[in-house]
Amino acid sequence: MSLGILGFGLLILLGITSLPSVSNAVNWREFHFVQSKLGHVTLLFCTAHTLIYGWNYFFDIHYYAWCLPPAGTLSLIIPCTVLVLKFFLITPCIDRKLTKIRQGWERSPKHRK
């Protein structure tokens, strides 16, 4: 339950910071932190809340009406996919290359004229 409350509070914070009057008052670094890092933490909290709350229903055959999984199970497909892909992007071998590219690094050409 506490993960749901924390996730909801962070969602409110994300919503407030996306308002034009607030986003104009903060600098780019603060806005980027809130929208990217805090957004992924919010997604993690809300997904963990749904996983913990509905764990008993995911594998019970009585909740599968017309051979379809429950709505809680279906609602976890996209958030879990995003979190897994984000995990791969923050691994050091990939993150190092992405940071270089963001800072303007270009690969040296193979053939020089």
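The values are calculated or read from the model by the stated rules, or taken from the named source; none is laboratory data. Quick caveat: nothing in here was measured; it's all calculated off a predicted structure. Cβ placement follows ideal geometry from the backbone for every residue including glycine, while neighbour counts extend to all protein chains displayed. Surface accessibility is based on the protein's heavy atoms, side chains included, excluding ligands, DNA and RNA. Shrake-Rupley method; radii C 1.70, N 1.55, O 1.52, S 1.80 Å.
General remarks:
- Pairs where the first residue, in the range 76-93, is at pLDDT 90 or above and the second is of a type in the set (Ser, Thr, Tyr) and open to solvent by less than 50 Å² (accessible area, probe 1.4 Å), C-beta under 9 Å, 6+ apart: Pro79/Thr47; Pro79/Thr50; Cys80/Thr47; Val82/Thr47; Leu83/Thr47
- The range 10-28, residues that are part of a helix (DSSP H, G or I) and either aromatic (Phe, Trp, Tyr) or exposed (fewer than 12 other Cβ atoms within 10 Å of the Cβ) (or both): Ile12, Gly15, Pro20, Ser21, Asn24, Ala25, Trp28
- When the range 38-72 is limited to residues that are without any contact (Cβ under 8 Å) to a residue 24 or more places away in the chain, small (Gly, Ala, Ser) and surrounded by 15 or more Cβ atoms within 10 Å (Cβ to Cβ), the one that is farthest from Gly4 (Cα to Cα) turns out to be Gly72.
- His32 vs. criteria under 25 Å from Phe88 (Cβ atoms), in a helix (DSSP H, G or I) and open to solvent by 40 Å² or more (accessible area, probe 1.4 Å): yes
- Count of the range 67-113 residues which are within 19 Å of His49 (Cα to Cα) and either among the acidic types (Asp, Glu) or assigned to a helix (DSSP H, G or I) (or both): 14
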